[in-house]
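Below you'll find the structure, written out as structure tokens, and then a few comments.
The values are calculated or read from the model by the stated rules, or taken from the named source; none is laboratory data. Since we're looking at a predicted model, the values are computed, not measured. As a convention, Cβ positions derive from the backbone with ideal geometry for all residues, glycine included, and neighbour counts pool all protein chains shown.
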Amino acid sequence: MKDVITLAIESSCDETSAAILKNGREVLSNIISTQIETHKKFGGVVPEVASRKHIESIDEVVQEALDTANMDFKDIDHIAVTYGPGLAGALLVGLSHAKALAYTLDIPLVGVNHIEGHVSANYIEHRDLKPPFITLIVSGGHTHLVEVKDYGVYEILGRTRDDASGEAFDKIARAMGLGYPGGPIIDRLAKLGNKYAIEFPRAHMDEEYDFSFSGLKSAVLNYLNAKKMKNEEIIVEDVAASFQEAVVEVLSSKAIKAALDKNYKTIALAGGVACNSSLREKITEMAKEHGIEIKYPPLVLCTDNAAMIGCAGYYSYINGRRDDMSLNAVPGLKIGQK
């Protein structure tokens, strides 16, 4: 059976990435051009700036992906590209590039849901992983608890009612003047602090699998403001550790509950917050008590990258998905939505 070679393109936020994959799970190249240093001075991603940086980088990134994989355009069987969710302008850069290539090369175009890409990162790292299983998707824009029923078939069990978990990390880091992106900084500081020093709230929703982080965020901000007003010392490491513990405890407990309720023995982590060392430790420790296995990708596949888009695109391709030149960016695309 002939190998299927995928060229994947990702540009949903502040990483321009291109990858070449063989048969969906073998990564031949995965080139990532990050804009973090550009956006640091703004304290977050500026959409207009992100779009311009994508335009500057995309030709070079795609060519480097081909060169690293020792491939030429003639070797590519189809192109997989993120079309949502994400920043509209940023998405359009990658999508327009992919459409131009697909049209010129006369090969199929496959639109990929960015969130489904994060889930698929686990297929690259864990060759034995197959649906069904539970996945916890945690990133700057999304916090979802999802039942993966098959490749590309999902049932959302729970989601955040307000802030995404990664968004909460960034906002608290900004409030403490720690810089951007906030997640890695808080994770690093938390290792030096006492996670039991401050009792921050854990939100319990009526819908048992839903999340809320706005109350926790407000509690941390109120704590910081009260300390400043009283001119009392703020032990940043303790705040970071206590806040992080409140987040990972809720994420872990709800994921474990979903797996037990649905009788699954595997939970896969996905998204940028899956890099968080405390989350990995907490959920693995809790899962062990119930005989549940935790899977997660390496750090480079947790954050935005084209390899995960290529993997998701491959399964859509072999299941018959084809998109035409009318495919447009969908900034608010939901998981499971086509």
Where residues in region 278-300 are at pLDDT 95 or above and aliphatic (A, V, I, L, M), which of them is nearest to the chain's Cα centre (by Cα)?
LEU279
Quick check on LEU269: is it outside the structural domain of ALA18 (by TED's automatic domain parsing), within 18 Å of ILE115 (Cβ to Cβ), surrounded by 24 or more Cβ atoms within 10 Å (Cβ to Cβ) and modelled with pLDDT of 95 or more?
yes
Those residues of region 88-118 which are hydrophobic (A, V, I, L, M, F, W, C) and closer than 18 Å to ILE20 by Cα amount to LEU95, ALA98, ALA100, LEU101, ALA102, LEU105, ILE107, LEU109, VAL110, VAL112
Does region 43-61 include one or more residues that are outside the structural domain of ILE185 (by TED's automatic domain parsing), under 23 Å from THR6 (Cα atoms), under 21 Å from the mean Cα position of the chain (by Cα) and of a type in the set (A, V, I, L, M)?
yes
State whether one or more residues within region 219-226 are exposed (fewer than 13 other Cβ atoms within 10 Å of the Cβ), of a type in the set (A, V, I, L, M), more than 23 Å from the chain's Cα centre (by Cα) and within 18 Å of ARG174 (Cα to Cα).
yes
Among the strands (runs of 3 or more DSSP E) confined wholly to region 2-80, which include 2 or more residues that are charged (D, E, K, R), modelled with pLDDT of 95 or more and surrounded by fewer than 22 Cβ atoms within 10 Å (Cβ to Cβ)?
none
Contact list please: Cβ distance under 8 Å, first residue in region 101-127 and farther than 17 Å from LEU269 by Cα and free of Cβ contacts under 8 Å to residues at least 60 places away in the same chain, second residue surrounded by fewer than 24 Cβ atoms within 10 Å (Cβ to Cβ) and of a type in the set (Phe, Trp, Tyr), pairs at least six apart or on different chains.
LEU105/PHE73
I'm told VAL93 meets every condition in (1) modelled with pLDDT under 95; (2) under 18 Å from ASP14 (Cβ atoms) except one. Can you identify the failing condition by its number?
(1)
